[in-house]
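Below is one structure, written out as structure tokens; comments come after it.
The values are calculated or read from the model by the stated rules, or taken from the named source; none is laboratory data. What you see is a predicted model, and the numbers here were worked out from it, not measured in a lab. We place every Cβ from the backbone using ideal geometry, glycine too, and count neighbours over all the protein chains shown. Surface accessibility is based on the protein's heavy atoms, side chains included, excluding ligands, DNA and RNA. Shrake-Rupley method; radii C 1.70, N 1.55, O 1.52, S 1.80 Å.
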Amino acid sequence: MYTQVEGFPCVRLLNLSGEIGCSNPGRGKVVAPIVRFENAKELVGSAAILVSVDEFESLLSRLSKDSEFVRKVAGILVESSTQVSNDLKGFSPDVKFPQAEFAPYQSNNFEWNPSGSGIMWKAYNFPVFLLSQTSTSILQEAALRNVKNKKSYIETVAEFDLVMQTTKSGTHNSDSCLKEGSCLPLGGYSVWSALPPINISYSPKAKPIVLTMTSMDSASFFRDKNLGAQSPISGLIALLAVVDALSRLDGLQELHKQLVFMVLTGEAWGYIGSRRLFLEFDQQSDSMKGLDLATIDTVLEIGSVGKGSPQGINTFFAHASGATSSVNGTLDALKRAQDALRNESIIVKTASTSNPGVPPSSLMTFLRKKPKISGLVLEDFDSAFSNKFYHSHLDDLSNINSSSIVAAASLVSRTLYTLAGGKDSSVMNNIKINSSLVEELLGCLLDCEPGLSCGLVKHYISPATTCPSHYVGVILGEPSSEPYPPYAGDISRFVWNFLADKTSIQSRNGSSSCPKDCSGDGELCIRQEADGKGVCVISTTRYVPAYSARLKYESDSWTVLPSNTSETVDAEDPVWTESNWDTIKVRVYTVQNAA
């Protein structure tokens, strides 16, 4: 009898110089008896090794040093455990300085991520699978049976079907697999929105822009177990709560600076989204219509803000870079916001001067492109990530708290009001973050119950799945400023609709549903997926394709462009792709052993 195993695979990813991640070693399935790691010290034949998360890194470490042992490993099955996150000191498969090659400074030995092991950046020629809770119990029983039945002729085996198309076709880097059609580029759709909407047809003089940004994608060793609760979704939820609060203020159009909000994707993979943004601007694409990056006055990025409340005091750190006078203005605005919240136990500190620069963030792309730009990243840590599960499947809802996100949003919303030129202290004091909205977003974006079937998400879109995952995914079809909805992904579509709604003003035609000609100046149709009708509003909200700046799409295929040596950002672009596959599954069954 076959038992299908529920779980999450590690898959094969490629770049211009090689490959990372996991795959069956050849074109066929792999079958081997299930053995617990502690019983696998002296393997006789091949085995499917069952290992706990806390021993996973040491298993991979042994495999990297012991070639004899590697040959006997048919595959790895990693147990799920609810207790793990409490007991583990840290588990981060990323490196100690994530994406150091994109930093606007040289300090590769600095450890922003002390828990980092770097295991996700290596290639494994065997399948690795994270088990669900149910499957963990089934596999533990199977391993126990194999110990008991050692002297009999029966054993329980695992069969791995994790054959990657790039392995079958022998294409081992992004250039060759794109030519062969055995992979697709990592990517998706970023979103930006202006509050209030920008009147593109009439603008006597463009206002300076205060840009607030965050990202919506995370990374993990296991493709679809990828919540990124603390990094970056706590920042995304804070940004959505900020937009909601500021959208209720009157008189924003009178302020002398324009507020723009941006949610980037692909940032976990070489800052694909932010680097593509500058290229789309240079090419004057429709996705950037109304947004002039040259008029950006200040950039404020909301980073990891879900763990800012030790001992009930919410403490955040401002990591600043750029022109001193402008940075000081942002720091002053943060200080004013803190003073306005003096009864809320919120503290903002300037990050340590011994830090080499800003932590890994989208701001790095802006500083590389515009070194003099005034930028600040708000984080809940100073010199090392507070997130001991950075870019791991354990960075889930239990790793953050909502009060910290509400505190960060309270701080940012008041800071933005000041930066945009707001001076009315009574208005500032009346900016209120909706803590119920924050709680609802946590349930929608970081849990399977209710997950994307929650009322808030279904108010705007018809989601393809219920359980959220914040892996960037692959870009499907031709990139466009108006993508075919299923190609944009559930999270991007939700963010686009939410921002378009919150930043909008009512359409002049006053219709409750979208007429066929919802195409007046600045008009958009929102919520169309949810009820089939939609609502016509005036809003400056755009999708921006996010994929490698070294790629070109033509005639239904992708081409890698030669590196532009005068442009360092492009020359070092890794061009990440993901292998195609037919099916991914693991099953368990009992066989007669002719030992």
Taking all pairs of distinct alpha-carbon atoms in the range 140-248, Kirkwood radius in angstrom:
20.3
Size of the dipole of the chain about the Cα centre, Lys and Arg at +1 and Asp and Glu at -1 on the beta carbon, nothing else charged, in debye to 20?
440
Set of lysines with alpha-carbon distance to Lys516 below 21 Å, sequence-local pairs under 8 removed
Lys533
By accessible area (1.4 Å), largest first, Val147, Val406 order as Val147, Val406
Out of Pro486, Ser23, Ala268 - ranked by how far each Cα lies towards the positive end of the dipole of the chain, with unit charges on the beta-carbon of charged residues - the top one is Ser23
Dividing the helical contributions, -39500 (n - 2.57) per DSSP H run of n ≥ 4, by the residues of the chain yields a 222 nm value, nearest 500 deg cm²/dmol, of -7500 deg cm²/dmol
Search the structure for amide H atoms under 5 Å from the amide H of Leu50, placed 1.01 Å from N in the peptide plane, and list their residues when 5 or more places away or on another chain.
Val35, Arg36, Phe37, Leu77
Anything over 24 Å Cα to Cα? Flag those among Lys72/Lys96; Lys257/Lys335; Lys41/Lys151, in the order listed.
Lys72/Lys96
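Take every DSSP beta bridge whose two residues both sit in the chain, then give the antiparallel share in percent to the nearest 5. Intermediate results must be reported in sequence, preceding the final value.
On the way: 55 of 92 bridges.
Roughly 60 percent of the beta bridges in the chain run antiparallel, per DSSP.
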Using +1 at the C-beta of Lys and Arg and -1 at the C-beta of Asp and Glu, which of Ser92, Val544, Ile154 has the Cα lying farthest in the positive direction of the dipole of the chain?
Ile154
Specify which labelled value, from (i) 111, 59, 44; (ii) 84, 56, 49; (iii) 146, 80, 38, agrees with Cα extents along the principal axes in Å derived from the coordinates of the model shown.
(ii)
Rounded to the nearest 20 debye, dipole of the range 222-372 from Cβ charges on Lys, Arg, Asp, Glu
460
Please work out whether the range 46-181 counts as rounded, prolate or oblate from its C-alpha gyration tensor, where a ≥ b ≥ c are the square roots of the eigenvalues and a/c under 1.5 means rounded, while otherwise a/b larger than b/c means prolate and anything else oblate?
oblate
Within straight-line cross-link reach of Lys179, lysines at Cα separation under 30 Å, skipping those fewer than 8 residues along the same chain:
Lys29, Lys122, Lys168, Lys225, Lys552, Lys585
About its Cα centre, how strong a charge dipole does the range 318-387 have in debye, to the nearest 20, once Lys and Arg get +1 and Asp and Glu get -1 at the Cβ?
380
Cα centroid separation, the range 1-79 to the range 289-343 (Å)
44
Considering the dipole of the chain built from charges on the beta carbon (Lys and Arg +1, Asp and Glu -1) around the Cα centre, which of Ala340, Leu139, Ala47 is farthest to its positive end?
Ala47
